[in-house]
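Inspection log for the structure reproduced underneath, given as structure tokens.
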Amino acid sequence: MKTKVKELRTAAKMTQQQLADLVHVSSRTIISIEKEQYSPSLMLAYRMAQIFGVSVEDLCCLKENKEWEDSQYENL
């Protein structure tokens, strides 16, 4: 799933480890989220959204991800 985690983290001048410490996960988890290899749980997304002062919907690009997913179903 596409997210804005890397964009928001770098804008905040925060390292992956610093963000990981704030949300109680490993830096590997943050790396995997940023590489779109792992989708954060709802609680993890909520924690990150609070840190960056954005909504979970914005952090996780929910509208964009839904549109992409819907287009995949149209091709079946």
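The values are calculated or read from the model by the stated rules, or taken from the named source; none is laboratory data. No experiment lies behind these values; they were computed from the predicted model shown. FYI the Cβ positions are ideal-geometry reconstructions off the backbone, even for glycines, and counts take in every protein chain you see. Ligands, DNA and RNA are stripped out before the accessible areas are found, and what is left, the full protein with its side chains, is counted by its heavy atoms. Shrake-Rupley method; radii C 1.70, N 1.55, O 1.52, S 1.80 Å.
Quick look at the values:
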{"item": "Simple spin-label estimate for L42 and T10 in nanometres, 7 Å along Cα-Cβ", "result": "3.1"}
{"item": "Of all accessible heavy-atom area on the chain, the percent that carbon and sulfur account for (1.4 Å)", "result": "50"}
{"item": "Long-range HN-HN contacts of V54 with modeled amide H, under 5 Å", "result": "none"}
{"item": "Phi-based couplings in Hz for the stretch 10-25 (Karplus 6.51, -1.76, 1.60; Gly and Pro marked x)", "result": "5, 5, 7, 6, 10, 7, 4, 5, 4, 5, 4, 4, 5, 10, 6, 9"}
{"item": "Peptides ranked, highest mean first, by Cβ atoms within 10 Å: ranges 64-74, 47-57", "result": "47-57, 64-74"}
{"item": "Note, ³J(HN,Hα) from phi for the stretch 61-69, Karplus 6.51, -1.76, 1.60, rounded to Hz, x at Gly and Pro", "result": "6, 4, 4, 4, 5, 5, 4, 5, 5"}
{"item": "The chain - accessible surface per residue (Å², probe 1.4 Å)", "result": "69"}
